[in-house]
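Undergrad: After the structure tokens below, expect a handful of questions from me.
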Ligand SMILES: CC(C)(COP(=O)(O)OP(=O)(O)OC[C@H]1O[C@@H](n2cnc3c(N)ncnc32)[C@H](O)[C@@H]1OP(=O)(O)O)[C@@H](O)C(=O)NCCC(=O)NCCS
């Protein structure tokens, strides 16, 4: 019987992976995500803050070349704190990116205001969150592998729940999450909050 060898494998990210991670983010994320309007150097710093802040970044690579990164996922505790720290450090870059993309920024601002007025605005997420997930080779099973790693790591760390936010128009990601066992908890204007029990 022929044994089919897997094409991709997972490992923890290291500093030298940050450039590839930023590149994949810029390829995969739609421009409706504010982070994909940031220059690559700022995104490298963004993911560096999570890597150094104790949040896990898992990368998917080709089995034939562990430096050929084809996807990544960022998850753990302290995510809101680290986002706040990124915003403090890169205030000027954020303003510059907003001015360079006025329409997206206005939309983002309107969405933020609408979120504050949403009936679920005060809903608190669980402590263990998926911040980002992306694959440069769509529908090759890489997102599913990364979601499996997320659940495995959460249960190793005795986390009983994993949460995430997804834009309501991101049908591909939503399908991937539902297929992986995530369930809708609430809608906060244009974002769903989903959870999965590990
Ligand atoms: C979300 C994402 C990581 C999924 O990665 P992926 O490698 O394509 O995922 P998989 O190949 O493991 O697919 C898992 C399932 O997701 C669903 N799915 C993925 N992309 C889809 C799409 N474009 N349309 C519909 N369903 C899709 C399917 O149910 C798929 O299973 P199937 O191929 O057996 O039907 C990828 O679409 C991505 O990088 N998106 C851009 C970044 C992003 O928006 N991240 C999420 C932010 S919240």
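Undergrad: So how do 139-146, 62-69, 83-90 stack up, highest first, on mean other-Cβ count within 10 Å?
TA: Ranking the peptides 139-146, 62-69, 83-90 by packing returns 139-146, 83-90, 62-69.
Undergrad: Over the chain, consider all pairs of different Cα atoms and compute the Kirkwood hydrodynamic radius from their mean reciprocal separation; express it in Å, one decimal.
TA: About 17.6 Å for the chain.
Undergrad: At 0.36 nm per residue, minus the direct Cα-Cα distance, what do residue 157 and residue 65 gain on full extension? Give it in nm, one decimal, please.
TA: Length gained between residue 157 and residue 65: 30.2 nm.
Undergrad: Tell me, what is the percent relative contact order of the range 8-159, built from C-alpha pairs under 8 Å that lie six or more residues apart?
TA: Value for the range 8-159: 29 percent.
Undergrad: Dividing the Cα radius of gyration by the Kirkwood radius, what Rg/Rh value follows for the range 61-163?
TA: Here Rg/Rh amounts to 1.04.
Undergrad: Hey, what number do you get for the chain at 222 nm if only DSSP H runs of n ≥ 4 count, each worth -39500 (n - 2.57), divided across all residues, to the nearest 500?
TA: Taken over the chain, the calculation gives -13000 deg cm²/dmol.
Undergrad: Sort all Cα-Cα distances of the range 17-98 into consecutive 5 angstrom bins from zero, then give the percent of pairs in each bin up to the one containing the longest distance.
TA: Histogram of Cα-Cα distances, whole percents per bin: 3, 15, 24, 25, 20, 8, 3, 1, 0.
Undergrad: May I pose another question? Over the Cα atoms of the range 56-109, what Rg and Dmax result, in angstrom?
TA: Cα radius of gyration and Dmax of the range 56-109 are 16.1, 44 Å respectively.
Each reported figure results from applying straightforward, stated rules to the coordinates on display, with no laboratory input. Since the model is a prediction, treat every value here as computed from it, not as a measurement. Cβ: placed from backbone, ideal geometry, glycine included. Neighbour counts: every protein chain shown.
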